[in-house]
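Taken together, the values in this text are just the output of simple stated rules run on the coordinates, not laboratory data. Keep in mind the model is a prediction, meaning the values are calculated, not measured. FYI the Cβ positions are ideal-geometry reconstructions off the backbone, even for glycines, and counts take in every protein chain you see.
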Amino acid sequence: MSSIVINGAEIYYQTYGKERPGQPPILLIHGATSTGQGDWGAVAPALARRWRVILPDCRGHGRSSNPQRSYSFKEMASDMSALVRALGYSRAHIIGHSNGGNTALVILIEHPEVVQTAVIQAANAYVSPDLLEREPVALDAERIARESPEWMEEMIAAHGPTHGEDYWRELLAMTLREILSEPNYTPEDLQRVQQPTLVIQGAEDPVNAPAKHAQFIARHIPYAELWLPAGVRHNVQIEALSEWLQRVENFLERRGDDANEALHRLRQDFYADQRAWIFDLRASRENAPKPRIVLSGRTLYSSQRQAAVERLAQLAEEDEAAQTIDADSVQVLLDESAPWALVNRCVTDLRREPRNLSERVSQALLGEAVRILEEKDGWARVRMEHDGYLGWVHLSALYCCDRSQAQAYQAACQSIVQVELLNAVAAPGDSEICGKLPFGVRVQVKDRLSGYAQICLPDGRVWWVEEAGLLPSERWPKPDANGIAFTLKLVQKFIGVPYLWGGRTPYGYDCSGLAGIFWRFLGVNLPRDADQQFRAGSPVEETPAPGDLLFFGERQEDVSDSRYESITHVAISLGGDRMIHANGTAWGVSYNSLDPSSPEYRAWLRDHLMGVRRYL
């Protein structure tokens, strides 16, 4: 334990871990009526395995003096900022809990020059009405002495040796006066923050969760991250220590220096959607034989690698090491060498990870083209060519070929399946089924015989299907009123088909899968998911026409682009108020209406309609 005089007060502090030249330390700020050890005793040694850690007692707490008998977030923020500089550091990772979180927030806004990153836990940016009602009761000294004597004894043990046995009462009174009046930061104040910020709040925190204080802070600080651990109350670092350490250390690794923060912001600005982009880059510093920044990791395109180099080059004015950037080890997954393949099964699942129990994110249909990005244990990570979606499929579901073969096969597919599921057999009239082709699959017809059509699969195998189940290209519907009406009649046959997350076939559809297949039948490729489809369409202000897509979700206040992120559902308009959609309420494809007088009316749909889009 050491001490140093800061702003007229003697501040006691402990340090953990060895000095790490060039790396900012972590400063841990405790909450109301506590001490550094009380809040962070288990955390500091764990963090010290990789960082230098400073653990002070705030002014008037524990063994730190309080000559002015004062308590304010701004004064403590000034103390902590001065402590960082007095110990010889220009910046620190500031981590604060509860009132220490408020103090950390004040440092972030009033003293940003000392902040490398900030972790704001169980804090509030403004005084909400529920706090005005709750805190006078919670911090009433007489009630505590009567109902919570163990808390009283803890405060006496923590503060009594330095400040006197009865000081806890004075500390409670000072604390209460401050938290009933401060802080008072507006969204505009928070929006000026430039430092990387992680906001933490237990989902069951009785102090901060009711008014959603963490959400407010994270929503308005640019690039802030938010963690709301389920089932956890106020003291997240105590109640969920292991997960807390994992989250915070991961945050510091990803965003704890200027170079990696620049990469993070580039990713968030342009490549955040992991359904369509891969941008997994890290920056490290090397000093020999000369200072440089080394980029490692993977991107989907070479243009992303170049964008990362250019973004890091902007640091050169402030950092000599940034003048030399080595990106030679960055792997670009999608270039001319990335193999082509055609889906060689009637339908195969697209998984989030290369394992069978991973989330199904979409499906790939027979004859659809993919690019193979990487292979792992019998799986292939692919990019779907028609919608750009990324995922993992069984490698055995693919027929590998070159670009010209893939394009030639698809060009020869001049018939499309127009029934729900079209049985395929080895020869005309056979009763043994070889496969079932889903609605919307395009096939290459090689021959016709006795009402059957011979189709050729990507790998050269041939099947026979009933010709009536196919629609030849000369009769394909166009994306106009007549074509939409024709295709809607076909899609309406799917009423009752089960809802299936990620589904794109009559075995099961999800909402955007049904909408996408509808428009793909009309020759229009839409993005895969509902929020992506919303962005791709043209806004419709008038009464919806047949084929328009209706989008639903949750509205969020004060975030200009949140309407995109909050889109959760899509339906196909039948014209006016009526729609058809795959939905979890019916757990299948069903009709619904926005008309309150209709028996098909669902109030949720009317209340959560976010907009209508058209794709003609």
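Can you give me the C-alpha center-to-center distance between segment 336-387 and segment 46-80, rounded to a whole angstrom? Measuring centre to centre over Cα atoms gives 54 Å. Enter the mean projected area of the convex hull around the alpha-carbon atoms of the chain, in nm², rounded to one decimal. Quarter of the Cα hull surface area: 34.0 nm². For segment 163-263, the dipole from Cβ point charges (+1 on Lys and Arg, -1 on Asp and Glu) about the Cα centre works out to 340 debye, to the nearest 20. Of the residues Leu373, Leu395, Cys58, the one whose Cα sits farthest toward the positive end of the charge dipole of the chain, with +1 on the Cβ of Lys and Arg and -1 on the Cβ of Asp and Glu, is Leu395.
The charge dipole of the chain, taken about the Cα centre with unit charges on the Cβ atoms of Lys, Arg (+1) and Asp, Glu (-1), comes to about 1660 debye, rounded to the nearest 20. Ordered by the count of other Cβ atoms within 10 Å of each Cβ, fewest first, Glu432, Glu225 give Glu432, Glu225. Rounded to the nearest 5, the antiparallel percentage of DSSP beta bridges internal to segment 413-474 is 100%.
Please state the shape class of segment 481-614: rounded when a/c is under 1.5, otherwise prolate if a/b exceeds b/c and oblate if not, all from the C-alpha gyration tensor. Since a/c stays below 1.5, the shape of segment 481-614 is classed as rounded. Please figure out what share of the DSSP beta bridges in the chain is antiparallel and state it in percent, rounded to the nearest 5. Among the beta bridges of the chain, antiparallel pairing accounts for roughly 75 percent.
In straight-distance terms, cross-link reach from Lys478 covers every one of the lysines whose alpha-carbon lies under 16 Å from its own, apart from those fewer than eight places away in the same chain; here that gives Lys489.
Select from Leu605, Phe518, Ala530 the residue farthest towards the positive end of the dipole of segment 481-614; place +1 on Cβ of Lys and Arg, -1 on Cβ of Asp and Glu, and compute about the Cα centre. Going by the charge dipole, the pick is Phe518. Listing Arg520, Arg59, Arg50 from fewest to most neighbouring C-beta atoms within 10 Å gives Arg50, Arg520, Arg59.
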